[in-house]
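Visitor: One structure is given below, represented as structure tokens, and several questions about it will come after.
The values are calculated or read from the model by the stated rules, or taken from the named source; none is laboratory data. Just so it is clear, the model here is predicted, and its values are computed rather than measured. Please note: Cβ atoms are built from the backbone with ideal geometry, for glycine as well, and neighbour counts cover all protein chains shown.
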Amino acid sequence: MYISKQTHTAPELVTVLQAKKQLKLDASDQSEDDLIEGYIAAAIVDAENYTNTSIYEANYLIEGEAFEQNLAIKLNPAQSVVISYLNAAGATVVLGADTYRLRNIDTYQKEIYYKAFIDLPAVKADTDNAVSILVTTGYTATTLPMAIYQAILLKVTNYYEQRNDGVEVLSKASENLLRNYRFYY
């Protein structure tokens, strides 16, 4: 199986208004909005790097020569999975979502579990991408855990108040908030 990142989108997980409230700034003063937006984006990337997960939404494509029973996925947090395959004639077919489900193996990984007694279809032989699995990871504004949200706000505060190059990537408070969401390979 081969995995590649397809897209990385940046939905608004923390708004400028929320950051201004954290920074105790006047909401009507828009003179530093661009700067604050940059701090928010950088804080989210810092949190992604620390946790080794997708906080922004991302799509990953997993391709292989055949179906693998109970395939473990180490992409967190996995939101959804769409499986397609090339049939013997070479046509792309989407596997019905009722034939599989995504279930937790442990804290760090999920697996694609094909329902009992399902005969998986035959795929086109000698093709590296006969089976394609599109995995969507990350959070939306409504699913972002409060601890990650708070860690991002703390990092934005740090960026805003310490406008210099420091040694510390994340503060201890941010690390403590993110620790439970850290993914270990």
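Visitor: Condition check: aliphatic (A, V, I, L, M) and surrounded by fewer than 14 Cβ atoms within 10 Å (Cβ to Cβ). Does A91 satisfy that?
Guide: yes
Visitor: I'm trying to understand the selection: among the residues of the range 1-36, which are outside any loop (DSSP other than H, G, I, E, B), buried (at least 16 other Cβ atoms within 10 Å of the Cβ) and free of Cβ contacts under 8 Å to residues at least 40 places away in the same chain?
Guide: V16, K20, listed by residue number.
Visitor: Here is a follow-up. Given the options T127, T142, T136, name the one that is among the polar types (S, T, N, Q), under 17 Å from E57 (Cβ atoms) and in a loop (DSSP other than H, G, I, E, B).
Guide: When all the criteria are applied, what remains is T142.
Visitor: Regarding the range 163-173, can at least one residue be identified that is within 30 Å of L71 (Cα to Cα) and not acidic (D, E)?
Guide: No, the conditions are met nowhere in the range 163-173.
Visitor: Could you list, in sequence order, the residues of the range 47-73 that are surrounded by fewer than 16 Cβ atoms within 10 Å (Cβ to Cβ) and closer than 30 Å to N158 by Cβ?
Guide: Scanning the range 47-73 gives N49, N52.
Visitor: Among the listed residues V123, V94, V82, identify the single one that is touching a residue at least 40 places away in the same chain (Cβ under 8 Å), of a type in the set (A, V, I, L, M, F, W, C) and over 30 Å from Y184 (Cα atoms).
Guide: V123
Visitor: Related question: Scan the range 157-174 and tell me whether some residue there is in contact with a Lys or Arg (Cβ under 9 Å, 6 or more places away or on another chain), within 30 Å of A19 (Cα to Cα) and either modelled with pLDDT of 95 or more or surrounded by 17 or more Cβ atoms within 10 Å (Cβ to Cβ) (or both).
Guide: Within the range 157-174 (the criterion being in contact with a Lys or Arg (Cβ under 9 Å, 6 or more places away or on another chain), within 30 Å of A19 (Cα to Cα) and either modelled with pLDDT of 95 or more or surrounded by 17 or more Cβ atoms within 10 Å (Cβ to Cβ) (or both)), the answer is yes, since at least one residue qualifies.
Visitor: Among (1) surrounded by 13 or more Cβ atoms within 10 Å (Cβ to Cβ); (2) of a type outside the set (V, I, T); (3) assigned to a loop (DSSP other than H, G, I, E, B), there is one condition A116 misses while meeting the rest; what is its number?
Guide: (1)
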